[in-house]
Amino acid sequence: MTTTSEKDFSIYFQPPSLKDAKKRGKEDINVHYSFEIPDEMIGFGNDKTYMIRTYGCQMNEHDTETMKGILEQLGYTATDDKHEADMILLNTCAIRENAEDKVFGELGHLKTLKRENPNLILGVCGCMSQEESVVNRILQKHGFVDLIFGTHNIHRLPHLLKQASFEKEMVIEVWSKEGDIIENLPKKREGLKGWVNIMYGCDKFCTYCIVPYTRGKERSRLPQDVINEVRELARQGFKEITLLGQNVNAYGKDFDHIDYRFGDLMADISKIDIPRVRFTTSHPRDFDDHLIEVLAQRGNLVEHIHLPVQSGNSDILKKMSRKYSREHYMVLVDKLKAAIPDVVLTTDIIVGFPGETEEQFEDTLTLVQEVEYDAAFTFIYSPRDGTPAAGMEDNVPMDVKKQRLQRLNDLLADIGLRKNKALEGQTMEVLVEGVSKNNPDMLSGRTRTNKLIHFAGPASLTGEFVQVRIQQAKTYLLTGEMVKEETASVS
Ligand code: 5AD
Ligand code: SF4
């Protein structure tokens, strides 16, 4: 047995390596069902409070639910007041530089707090902790941080916390290459809507994107584990679930013992008695006909598809390594519209990719016009250390990129408004989410297509499905009047 202090140190000082994270081994994916709180950590958080600040995507939001679940099993309770917290975790996002700037800004503020309360445990986790440059910067400039752990180390939180409470040194554990799946982690979910991971990681390696390095290789949860979790959420009364993965259409590609893909999973989930099922994010490359056929059956599978295009120009798509052309994308869009005529399509678009010309940008504008997206997330390209695009020559000035973003957003707003206006007079099924934040007399809810809608009604309807006639449409908000209450919504 090796129990030298050197060995102990090496366990808890594992910095990340983007180079290792890039390697995709052939080793098996192991599913572990053995998570439990170690005996010596039971009650560790009794009488203590925690706060987690989450940045970035739904995957991070859901990881936060897992960390909350673990901390509450340790005995911790949640607080919103950072002055009161015994532990603060920043669950970070690395997708663009401004996401990272926010976290470093927050660390600056937290330094004072740590000085006032030296017993406070301060941790950094999420995608940024997978980057060497970030870990080095924290080591050099933010030495007051107690704990850094990576996206593959969440299940190790009880051990790491113990270590961080007793060690003077910063505890760092970031596994760079990980192909395992940890089942039965506790999760603290709140509200009417639940997220369910169906797969982890990404093997697409789009040239601008850091995610394949920070989240590891593509690995799918076993169908039965996903289905059991969805059944349990239905039993608990959740009204809507969103299936999560960086690239959900690659679901099942890594199974060698069964032939079971995303379309099969959706078909099985459509039989579960949960009113609404969404998924995000899909990649156009792996969106197959079987999946379209299954989605066209509707039922609890909603008619909203988020289908990131990134650019409308085939040369830029090639430089991005998206593995489809504009034409291929349009064929897919046409198939979707033919199978689901009222489908609502939304997308992600990057402007100002290295070397993007005015003509290439205009191809994005014409594609947006052809597809008629209801909404989109739009971004200015942000170079990420260690990705291939960061080494490409970029001759597009920042003010041109900003103008392109503005032109694109103006076009999207026009189309969004036009599409919403077409809904005026129609009656739609709405899931009531609660009283509107801005107006206590109004309720706020969402249509199946995820459009936000306000209408008058009693707060007691929260969590119910109602029928609402649309009276007025704006770009990002519909207003209407309730026609009648509904009790069931699964057809
Ligand atoms: N710069 C700008 N946007 C990016 N995205 C991913 N990486 C970058 C980057 N380096 C965008 C893509 C993706 C969304 C989640 O974030 O549009 O779909
Ligand atoms: Fe990033 Fe591309 Fe993977 Fe999406 S599919 S997470 S953009 S590498």
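Within the stretch 200-257, being hydrophobic (A, V, I, L, M, F, W, C), in a loop (DSSP other than H, G, I, E, B) and either more than 9 Å from ligand 2 (Cβ to nearest atom) or on the phi > 0 side of the Ramachandran plot (or both) holds for PHE205, LEU222, PHE238, PHE255.
Residue pairs whose Cβ atoms lie under 8 Å apart, sitting 6 or more positions apart in sequence or on different chains, and linking a residue in the stretch 331-360 that is touching a residue at least 12 places away in the same chain (Cβ under 8 Å) and more than 25 Å from ILE380 (Cα to Cα) to a partner that is more than 16 Å from ligand 2 (Cβ to nearest atom) and assigned to a strand (DSSP E or B), are LEU336/LEU345; VAL343/HIS304.
Looking only at the stretch 338-367, residues that are within 30 Å of LEU478 (Cβ to Cβ), surrounded by fewer than 21 Cβ atoms within 10 Å (Cβ to Cβ) and away from ligand 2 (no atom under 16 Å from the Cβ) come to 10 in all. For the condition under 30 Å from GLU131 (Cβ atoms), in contact with a strand residue (DSSP E or B) (Cβ under 8 Å, 6 or more places away or on another chain) and free of Cβ contacts under 8 Å to residues at least 40 places away in the same chain, THR378 qualifies. Scanning the stretch 391-408 for residues that are surrounded by 14 or more Cβ atoms within 10 Å (Cβ to Cβ) and either touching a residue at least 12 places away in the same chain (Cβ under 8 Å) or touching a helix residue (DSSP H, G or I) at 6+ places or on another chain (Cβ under 6 Å) (or both) turns up MET392, ASP394, VAL396, VAL400, LYS401, ARG404, LEU405, ARG407, LEU408.
Every test in (1) away from ligand 2 (no atom under 16 Å from the Cβ); (2) in contact with a Gly (Cβ under 8 Å, 6 or more places away or on another chain); (3) in contact (Cβ under 8 Å) with a residue 40 or more places away in the chain is passed by ASN91 save one, and that test is (3). Name the single residue that is surrounded by the fewest Cβ atoms within 10 Å (Cβ to Cβ) among those in the stretch 409-454 being β-branched (Val, Ile, Thr) and closer than 21 Å to VAL277 by Cβ. Selected residue: THR449. Of all the listed residues (VAL134, VAL145), the sole one being among the β-branched types (Val, Ile, Thr) and over 21 Å from ILE70 (Cβ atoms) is VAL134.
Quick note: the coordinates plus some simple rules give every number you see, no bench work behind them. Values in this document were obtained by computation on a predicted structure and should not be read as measured data. Cβ atoms come from the backbone with ideal geometry, glycine included; neighbour counts cover every protein chain shown.
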